[in-house]
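The values are calculated or read from the model by the stated rules, or taken from the named source; none is laboratory data. Quick caveat, the model's predicted, so the values are computed rather than measured. In this analysis, Cβ positions are derived from the backbone assuming ideal geometry, glycine residues included, and neighbour counts consider all displayed protein chains. Remember, those area values only see protein heavy atoms, side chains included, never the ligands or the DNA or RNA. Shrake-Rupley method; radii C 1.70, N 1.55, O 1.52, S 1.80 Å.
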Amino acid sequence: STALGNTRGVWVYYPPTWLENSRAKFPVVYMHDGQNLFDSKTAFGGVEWKVDETMDAAAEDGSIREAIVIGPENTSQRIYEYTPTADPAYSPSGGGDKYLKLLVDELKPKVDAELPTLPGREHTVIIGSSLGGLISSYAGAKQATTFGMLGAMSPSTWWDSTALLGLVLASKDSTTKPLRVYVDSGDSGASSDDVVNTKKLADTYRTIGFVDDVSLRYVVQKGASHNETYWAQRLPGALSFLLGPR
């Protein structure tokens, strides 16, 4: 990456129809923390998101539109890269614009050039959890011309004194907003999965014009805490809302 001056692996999931129909083109889902998505051997704590299992099952039953999934790995600078503002409690931080530049100007053009994609924003999803949810929500405020659908799963809405709420609110008068937004959290564990602030985030989307179960889906999973096990459980519902059925 020229934007960030570092190197990372990128995981790619190909939908089943890609093997069967050379003329087919697909939506693309950009997911952060690529190491955690597909393989328990590389996933944080040994718990993966089971993205390939989720997408394969949905391809069988038609519950989620088939899509290519692109999973850029995180790096040792994850906090810096996934945060939109500099929080005085964390240094370095606030490199989110550079990370989005990597996605928008470096990675996406390569993906669209080499893979059978539908490149328009109406076919492009960005989704992640925790700080990955934070940067996904920020991408919706700053890069909606690229990412038409966004998923913020257990987003770190608390970051920098809930700066995200102001950033999303400031996009109210933007000529281009995301087409669909998915926001969720649990309500348990030591942090209660930041459920109070994340509800405020959902309310902010409503304030700027998003409508429940039309352009916004907000979910609280009772008893769920802040970890990969629960994100994997909620992923099918998130992608079903964002991508729609086959």
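Here is a yes/no grid of residues against (1) closer than 25 Å to A58 by Cβ; (2) within 18 Å of the chain's Cα centre (by Cα); (3) not basic (K, R):
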site	(1), (2), (3)
G189	no, no, yes
D194	no, yes, yes
T198	no, yes, yes
R206	no, no, no
D213	yes, no, yes
G237	yes, yes, yes
G244	yes, yes, yes
| For the range 29-53, how many residues are surrounded by fewer than 21 Cβ atoms within 10 Å (Cβ to Cβ) and at negative phi? | 10
| query | So which residues in the range 116-132 are more than 17 Å from E73 (Cβ to Cβ) and part of a helix (DSSP H, G or I), if there are any at all? | reply | R121, E122, H123
| query | What are the pairs, 6+ residues apart or on separate chains, where a residue within the range 127-141 that is aliphatic (A, V, I, L, M) has its Cβ under 6 Å from a residue that is open to solvent by 10 Å² or more (accessible area, probe 1.4 Å) and part of a helix (DSSP H, G or I)? | reply | A141/L167
| note | When every residue in the range 60-87 that is open to solvent by 20 Å² or more (accessible area, probe 1.4 Å) and among the small types (G, A, S) is compared, the one nearest to Y14 (Cα to Cα) is S63
| field | Condition check for V104: open to solvent by 10 Å² or more (accessible area, probe 1.4 Å), in contact with an Asp or Glu (Cβ under 6 Å, 6 or more places away or on another chain), part of a helix (DSSP H, G or I) and of a type outside the set (K, R) | value | no
